[in-house]
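Undergrad: Handing you this structure, nothing more for now.
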Amino acid sequence: MQTLETARAQIAAYAGPSLTIMEVCGTHTHEIFRLGLRQILPKNVHLVSGPGCPVCVTPPSYIDEALALAAMDNVTIATFGDLLRIPGSHGSLRTAREHGATIRLVYSPLDALEMAKEQPEREIVFLSVGFETTVPGACAAVLAAHEQGIPNFSLLTANKTMPKAYEALMDNVDCYLYPGHVCAITGTAVCEELLAKGVSGVVAGFTMHELVTAMAVILHHAQNKKPFFVNAYPRVVRPEGNREAQALIARCMEAVASEWRGLGVIPDSGLALKQEFAAMDARKRFALPPMQSHTNPRCRCGDILRGAANPHDCPLFDKACTPDHPVGACMVSSEGTCAAYYHYFH
Ligand code: SF4
């Protein structure tokens with residue numbers, strides 16, 4: 001890797017065309033703000049945030065499904081904390097908990113499985129939200145429950161995969177800053193496939209040196225005006241990815257159409273449990289009816305997740321919508337773009 005000074009000098013010397021780079025990952029969004037990297041980019045290079053915050057892209061209809069389950073007498077919802085405040089169509093899990101629903105915070109799907117073993121009289125539903133990075137953990141819990149014959153454990157899935165989202169947004173951007181931790185699981189074949197379709201991108205890590213290097217690599221290649229792909233995070237991301245994690249996903253899950261906040265329903269962009277594990281699919285187990293998402297019409301989360309707006313374009317930003325009183329998902333999650341703008345521009 002080149003030195004930080006060389007990479008900075010390369011960025012400062014950029015003389016290429018105007019460029020829109022999408023940082024897909026919510027952690028990248030926050031690190032770029034925290035490290036002040038937007039300020040070192042040339043004026044004609046624009047960073048836009050994408051749909052890489054798993055909580056942000058979870059649609060209200062999913063929260064509505066979780067609320068319907070939480071309203072059932074013998075159901076305990078097990079969830080990561082950041083889902084609690086995401087608004088559904090008519091409320092949040094936090095509100096439901098305040099009104100008596102049994103909702104417990106866990107740190108992993110295996111914690112939820114332990115809860116199921118300790119409370120055999122209750123149904124434990126784990127809210128399985130996240131990208132390729134978190135799905136293997138959910139699959140490991142499903143396999144463990146299957147092998148141990150735990151009958152009261154299930155998943156409400158809203159897991160998503162990135163490739164189809166990249167394709168859905170590729171006309172909006174000149175180059176992707178690919179999320180390093182997702183690529184560590186998937187490998188780089190998907191980036192190569194997008195390159196063959198003319199989509200440029202660079203896999204980036206998360207330190208100052210790695211992010212500045214990734215930017216310098218992008219600007220270096222952009223001057224040639226030809227599509228490019230570079231893995232600038234080789235210490236973690238290998239071309240083949242993490243085969244063990246991929247095998248876990250392939251064993252338990254299959255691709256399905258999935259609704260993304262702001263992007264609508266994208267075919268083959270989600271993961272659901274295979275028929276073999278249908279008994280652990282909470283939608284089937286509890287015969288949940290299809291639900292329609294309803295959002296606050298003034299919230300611009302959808303546009304922000306497509307890279308078509310930034311939080312300052314939202315009339316509610318820092319007025320009706322703040323981290324203490326979030327109106328939309330992008331202000332709730334610690335990885336959300338509106339939360340990042342609030343934190344660093346406030
Ligand atoms: S500031 Fe709030 S209401 Fe506006 S787009 Fe962001 S999350 Fe939605």
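Undergrad: At R0 = 35 Å, how high is the FRET efficiency between LYS274 and GLU98 if r is their beta carbon distance? Nearest 0.05 is fine.
TA: Efficiency, from the Cβ-Cβ distance: 0.45.
Undergrad: Mean shadow of the chain, computed from the convex hull of its alpha carbons, in nm²? Could you put the intermediate results ahead of the total?
TA: Values: hull surface 68.0 nm².
If you wrap the Cα atoms of the chain in a convex hull and average its projections, you get 17.0 nm².
Undergrad: Remind me, relative contact order of the chain in percent, using alpha carbon pairs under 8 angstrom and six or more residues apart?
TA: For the chain, the relative contact order is 22 percent.
Undergrad: Under 5 Å between amide hydrogens, which residues at least 5 positions from ARG261 or on another chain qualify, with H placed 1.01 Å from N in the peptide plane?
TA: The answer is THR58.
Undergrad: Let me ask something additional. Can you give the accessible area of ASP281, probe radius 1.4 Å, in Å² rounded to 10?
TA: Accessible area, nearest 10 Å²: 10 Å².
Undergrad: Just the accessible area per residue of the chain, please: how many Å² with a 1.4 Å probe?
TA: That works out to 42 Å² for each residue.
Undergrad: Give, in nm to one decimal, the length gained when the segment between GLU121 and ALA250 is fully stretched (0.36 nm per residue of separation minus the Cα-Cα distance).
TA: Stretched fully, the GLU121-ALA250 segment lengthens by 43.3 nm.
Undergrad: For the pair ALA144/ALA9, report the inter-label distance in nm, with labels modelled 7 Å from Cα in the Cβ direction.
TA: If labels sit at ALA144 and ALA9, their model points lie 5.2 nm apart.
Undergrad: Calculate for the chain the 222 nm mean residue ellipticity that helices alone would give, adding -39,500 (n - 2.57) per DSSP H run of length 4 or more and normalising by residue count, nearest 500 deg cm²/dmol.
TA: Details: 16 runs with 132 residues, N = 346.
Calculated from helices alone, the mean residue ellipticity at 222 nm is -10500 deg cm²/dmol.
Undergrad: Now a separate question. Nearest 0.05, what FRET efficiency do ALA189 and ARG298 give at R0 = 41 Å with Cβ-Cβ as r? If you can, show how the numbers build up before the last one.
TA: Details: r = 40 Å, r/R0 = 0.99.
That pair, ALA189 with ARG298, gives E of 0.50.
Undergrad: Okay, next question. Take the residue pairs LYS117/LYS164; LYS117/LYS284; LYS43/LYS164; LYS197/LYS225; LYS43/LYS197 and return only those whose Cα atoms are more than 26 Å apart.
TA: Long pairs (Cα-Cα over 26 Å): LYS117/LYS164; LYS43/LYS164; LYS43/LYS197.
Undergrad: Same structure, new question: Residues of region 172-193 with amide nitrogen under 17 Å from the 7 Å Cα-to-Cβ point of ASN224?
TA: Zone members listed by number: 175-176, 192-193.
Undergrad: Calculate what fraction, in whole %, of the accessible area of the chain sits on carbon and sulfur atoms when a 1.4 Å probe is rolled over the protein chains.
TA: That share works out to 52 percent.
Undergrad: Let me ask another. Go through region 226-239 residue by residue and turn each phi into a ³J(HN,Hα) via Karplus (6.51, -1.76, 1.60, θ = phi - 60°); whole Hz please, and just put x for glycine and proline.
TA: 10, x, 8, 9, 9, 8, 9, 9, x, 5, 10, 9, 10, x
The values are calculated or read from the model by the stated rules, or taken from the named source; none is laboratory data. Keep in mind the model is a prediction, meaning the values are calculated, not measured. Note: ideal-geometry Cβ built from the backbone for every residue, glycine included; neighbour counts use all protein chains shown. Please note that ligands, DNA and RNA were not included when accessible areas were found on the heavy atoms of the full protein model with its side chains. Shrake-Rupley method; radii C 1.70, N 1.55, O 1.52, S 1.80 Å.
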